[in-house]
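Read through the structure below, which is laid out as structure tokens, and then see the notes.
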């Protein structure tokens, strides 16, 4: 699909919300909310949809303001989170990424036991170095399907040259029998982990903040895209909408034009019309990947 055509279609989708009839690349009509059959990628032994649901909005990580952080926390009750999870699954999304904090672990255990539609949780471990192994263990016990180490924690040890500690965290995940990953904002991190032969199964790469600042310029995502292009293992690109600073159409179009077939994206949802946004994001993924 040509870029101009896609962006024009994206504008129609954004304006139409739930009432718009979605169309894939071959022109077949898709009913709003119908199972999307999204394409998948493999994170080690785990097969997941190329679109993964992010959870930053659930916990008030807006990357914009303290006021918006608080609004997000108030808005996302357990009931609303469950509604979002189920709708994402109905649109073909198979996985959600979230830190293994207590509220989430309890919610996920209840959700899974109650027959929740979305079946895979990818745990983002962000505990202190002293607590990291225990946090990995808690993730396993609560039913995580894969685990990766948060970018800030990876970069903290990367900057100190503590590669043995980073490797120990990854190996601890592997010993639990789960796919293991690492996240980063800095473009030099993942290539160095690959060069050192880290036993990672996948990476999470932020599309912004590569310069170690809160920079959301287009130059930042070019650095991230260049990193993704050279990595051999699967990459999940995150913050592709620049924390809400880009339209979904622009962010998705750029991301899927720069990542490989083995790669995917992770995108969170925050809006009063969250259900419409999930459907829209699934549609963009279908349109841009030929699903």
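Every number in this text was worked out from the coordinates using simple rules, so none of it is lab data. Predicted model only: the values in this text are computed from it and were never measured. A quick note on method: Cβ atoms are made from the backbone with ideal geometry, for glycine too, and the neighbour counts reach across all protein chains shown.
Could you line up 223, 212 from fewest to most neighbouring Cβ atoms inside 10 Å? Write down the numbers at each step before the final one.
Values: 223 19, 212 10.
In order of increasing Cβ crowding within 10 Å: 212, 223.
Averaging 1/r across all pairs of distinct Cα atoms in the stretch 181-234 and inverting the result yields a Kirkwood radius of 11.1 Å.
Find the percent of Cα-Cα distances in the stretch 129-173 that exceed 14 Å, and round it to a whole number.
So the pairs more than 14 Å apart make up 47 percent of the total in the stretch 129-173.
Can you give me the C-alpha center-to-center distance between the stretch 131-185 and the stretch 221-259, rounded to a whole angstrom? If we compute the Cα centre of each part, the gap is 23 Å.
From the largest down, the stretch 215-291 spans 38, 32, 16 angstrom on the principal axes of its Cα atoms.
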